[in-house]
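Read through the structure below, which is laid out as structure tokens, and then see the notes.
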Amino acid sequence: MSVFFAPLIVLFLVVVYSVVHSLLASNKIKHLVRNLFGSYTGRWYRLAYNIFAFISLLPVLALPALLPDKSLYVIPPPWMYLMSLGQVLAVGLLIIGFLQTGMWSFLGIRQLITGDEQAQTCLEVRGLYHYVRHPLYTAGLLFIWMTPVMTINLLALYLGLTVYIIIGAYLEEGRLVQEFGTAYEDYKKGTPMLVPFVKGSIR
């Protein structure tokens, strides 16, 4: 396989993963599963979804290293250390955002124990959510684009994931508007989507 086709395969796999992941997260599929298997499926759906999303993501992340590749650039020191520090910061933001979102609800464990299908019972606008509407996505984008070593396959992977994250943010906001109504609409007006302190941030 040539270096030319490898990034196309990586990008194709990202698209497949993104489509499947988005479909499974949609309310239509959730309702379909509930109709097929009964209302009790709501309590385990999110946990099963997260497990499947994690396992299916592994080959997507591994493929760039398995296919023929070519280096694009390597950031030299000391800038390499600064970018690595940015990645550490991104991981810290991910952890904080993960905890603030509600770890057990995010994983789906609370739903499994309590039987309450709603992953979020109130609109969170404090902490990281005061600065951006999707801090987990912001941290994820910061992490991947702070990579100091870039190859063609990694570039294809990161571009695909970036597009998916942005589209996923819009899809998620549609569900949040349905859940919280005008409260979320008002929240959108004063809080950027992904880039803090920038009111024009992708909305």
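The values are calculated or read from the model by the stated rules, or taken from the named source; none is laboratory data. Keep in mind that this is a model prediction, so the values were computed, not measured. Methodologically, a virtual Cβ is constructed for each residue, glycine included, from the backbone with ideal geometry; neighbour enumeration extends over all protein chains shown.
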(request) Check off (1) of a type outside the set (K, R); (2) modelled with pLDDT of 95 or more; (3) touching an Asp or Glu at 6+ places or on another chain (Cβ under 8 Å) for V14 and give me the number that stays unchecked. (result) (3)
(message) Within segment 111-124, does at least one residue satisfy the condition of being among the aliphatic types (A, V, I, L, M), buried (at least 19 other Cβ atoms within 10 Å of the Cβ) and under 19 Å from the mean Cα position of the chain (by Cα)?
(response) no
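Residue by residue, here is whether (1) small (G, A, S); (2) under 28 Å from V33 (Cα atoms) holds:
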position	(1), (2)
V91	no, no
I95	no, no
G102	yes, yes
Q111	no, yes
T114	no, yes
R126	no, no
R133	no, no
M150	no, no
L159	no, no
(request) Output the residues belonging to segment 65-82 that are touching a Pro at 6+ places or on another chain (Cβ under 6 Å) and surrounded by 15 or more Cβ atoms within 10 Å (Cβ to Cβ). (result) I75
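If only one of T162, T151 is within 23 Å of K70 (Cβ to Cβ) and either surrounded by fewer than 19 Cβ atoms within 10 Å (Cβ to Cβ) or charged (D, E, K, R) (or both), which one is it? Write out each step before concluding.
On the way: T151 fails: either surrounded by fewer than 19 Cβ atoms within 10 Å (Cβ to Cβ) or charged (D, E, K, R) (or both).
Exactly one residue qualifies, and that residue is T162.
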(request) Give the residues of segment 99-108 that are of a type in the set (F, W, Y) and surrounded by fewer than 16 Cβ atoms within 10 Å (Cβ to Cβ), sorted by residue number. (result) W104
